[in-house]
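Asks: Pasting a structure here, questions to come.
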Amino acid sequence: MRLALMGLTIDHPQAVPVAFRGEDDLQGYDMLVWAPDGLLAEYADAGLARLPQPLVSPAASVALLADARRRREDLRRFLAGGRVIVVVPPAPEGLWVHVIEDVQPFDALELLPVRGLRARDAEGAAGVFRAGQPFADFIAAAPYTPRIQATFAAFPGVPICFAAPDDAPAGGYIYHHPGHVLLLPLPTDAAPAARARLLDALPALAARLEQQGAATTLPPWAEAWRLPGEAALRERLRTLRAERERVRQSLEQAEGALAQLLSRKALLGGHGGALLGAAAEAFEALGAVATAGYLGMDSLVIEDGARAGLVLLVEGNAAALPADALSRMDGLLRDVQQGYRQPLKGILVSQDPAADGGAGTADDLAERRVAEAGHCWLMAPELLALAEGGAAAAGLERIFATRGRPAPPIDWRAALSGDA
């Protein structure tokens, strides 16, 4: 039996680690053991915040939600093949994500094609197993103390694990024809031998669950026979499922389009690759060819026919140019200029996280130094306004012609007022 482990690591000869965000197809495995708590390690990046619950960055949120849609279908097909999914119940609201312009808890249990799992927090509760066959034999083969993080106000199956003091269900078995879902709190004892015994006992349990499921499978003649009203309900379900699929596709398209649109806002407050990608997209919208990455994560080269420019991205408050920004620009120009016949135009793009959105408030000394060097200094909202303004050629011409700050100032507030 091939076991896929997702979100946890257990050393076992039959176990293969699978990343939630990876491209691995689960259909090549016989059983999946999944700990959703492992999502935090996969999607925590430099933008992780703690509120008290961890909140991943907007970029990581987009990736997580996209991967969740793919894994939801993967899990559905896995169960449709009659296989077993073992889920380690996570703590409710253990991870928060950015959704559009809001933040929401990410409920990993909603990826399962079962309904009625309403989890509530139970961190620190003591747990006990009480179950009939085949679960009693499994518990005897791999005895351990459950690690309770959540209990369930309602459990749409057979509870086999209970939490003190109110004896609420903390795990159990759900038959999802023709597959099987087992919610199983992992042991507090993290010793490798104890975890290996758990995996040793799972295949025997899975085999008995599959036999139990097969016993409820109807013979072909009974499958073909219809009870009164069954045909109409089947047709109704077919219609609703087709409608749900159309809505799902439309929702994914709209979410993708909005995520692509919102990625441009990384110019205003993004970091690293997100900021670099947004800057390259803005200059390409102005008609330039942007080459990003080989100079580092804070710079790119743009080309427009016979003209070329070196762009340096400066994170932080736009009103005060960091002292080393011009030194960094000079060093980059020395490194890159030899590859170009024409003089490279220096272009500095500063973010402006000030609460009042005060683009255009650069200090005079920094502006004079930029102008004397022949560089153009743009605030991120100004570049975004030029890119979104629809007059691409004029915007690029203005950048190449500017020494210091743009004059007259770019009215970025009007350009970015939106269509609300």
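Asks: With contacts defined as alpha carbon pairs under 8 Å and 6 or more residues apart, what's the relative contact order of the stretch 3-217 in percent?
Replies: Relative CO of the stretch 3-217 lands at 18 percent.
Asks: Return the tail of the calculated pair distribution for the chain, meaning the percent of Cα-Cα pairs more than 36 Å apart.
Replies: 46 percent
Asks: Treat the count of other C-beta atoms within 10 Å as a stand-in for reagent exposure and order Leu268, Leu5 from fewest to most.
Replies: The most exposed by this proxy come first: Leu268, Leu5.
Asks: Placing unit charges on C-beta atoms (Lys and Arg positive, Asp and Glu negative, everything else neutral), compute the dipole magnitude of the stretch 3-217 about its Cα centre in debye, rounded to 20.
Replies: In debye, rounded to 20, the stretch 3-217 gives about 440.
Asks: Turning to a different aspect of this structure: Among Arg208, Arg195, which comes first, second and so on when ranked by fewest other beta-carbon atoms within 10 Å?
Replies: Listed from fewest to most nearby Cβ atoms, that is Arg208, Arg195.
Asks: May I pose another question? Using only Cα atoms, find the angle between the long axis of helix 392-401 and the longest principal axis of the chain, and express it within 0 to 90 degrees, rounded to the nearest 10.
Replies: Roughly 50 degrees, rounded to the nearest 10.
Asks: Quickly estimate the mean residue ellipticity at 222 nm for the chain, helices only: each DSSP H run with n ≥ 4 gives -39500 (n - 2.57), and the total goes over all residues, rounded to 500.
Replies: It lands at -12000 deg cm²/dmol.
Asks: GluC sites (Glu not before Pro), restricted to the stretch 97-191: which are DSSP loop and have at most 12 other Cβ atoms within 10 Å?
Replies: Passing both the DSSP loop test and the Cβ count: Glu101, Glu123.
Asks: Nearest 0.05, what FRET efficiency do Tyr175 and Arg236 give at R0 = 30 Å with Cβ-Cβ as r?
Replies: After rounding, the FRET efficiency stands at 0.80.
Asks: Arranged from highest to lowest average of other beta-carbon atoms within 10 Å per residue, in what order do the peptides 374-384, 131-141 appear?
Replies: The densest-packed peptide leads the list: 374-384, 131-141.
Asks: Of the beta bridges DSSP finds with both residues in the chain, what % are antiparallel, to the nearest 5?
Replies: 55 percent
Asks: Run through the DSSP bridge list for the stretch 3-217 and note the antiparallel percent, rounded to the nearest 5.
Replies: Counting only bridges with both partners in the stretch 3-217, antiparallel ones make up about 60 percent.
Asks: Can you report the principal axis dimensions of the stretch 212-287 using only the alpha carbons, biggest first, rounded to whole angstrom?
Replies: That gives 66, 29, 20 Å along the principal axes, largest extent first.
Asks: Another question, if that's okay. Taking only Cα atoms, what is the 0 to 90° angle, nearest 10, from helix 192-215's long axis to the longest principal axis of the chain?
Replies: With both axes taken from Cα atoms, the answer is about 60 degrees.
Asks: With N set to the number of residues, divide the alpha-carbon radius of gyration of the stretch 3-217 by 2.2 N^0.38 Å and report two decimals.
Replies: Rg over 2.2 N^0.38 Å, computed on Cα atoms: 0.99.
Asks: In degrees between 0 and 90, to the nearest 10, how far off the longest principal axis of the chain does helix 325-337 point, with axes built from Cα atoms?
Replies: The angle comes out at about 90 degrees.
Asks: Something else: Where nothing but the Cβ of Lys and Arg (+1) and of Asp and Glu (-1) is charged, how large is the charge dipole of the chain around its Cα centre, in debye to the nearest 20?
Replies: 1000 debye
Asks: Another question, if that's okay. Please work out the C-alpha center-to-center distance from the stretch 66-128 to the stretch 242-295 and express it in whole Å.
Replies: Each part's Cα centre sits 27 Å from the other's.
Asks: Find the relative contact order for the chain and round it to a whole percent, using C-alpha pairs within less than 8 Å whose residues are 6+ positions apart.
Replies: In percent, rounded to a whole number, it is 9.
Bear in mind that the values in this text are calculations on the coordinates, not laboratory data. Given the structure is predicted, the values throughout are model-derived calculations rather than measurements. Virtual Cβ from ideal backbone geometry, glycine too; neighbours counted across all protein chains shown.
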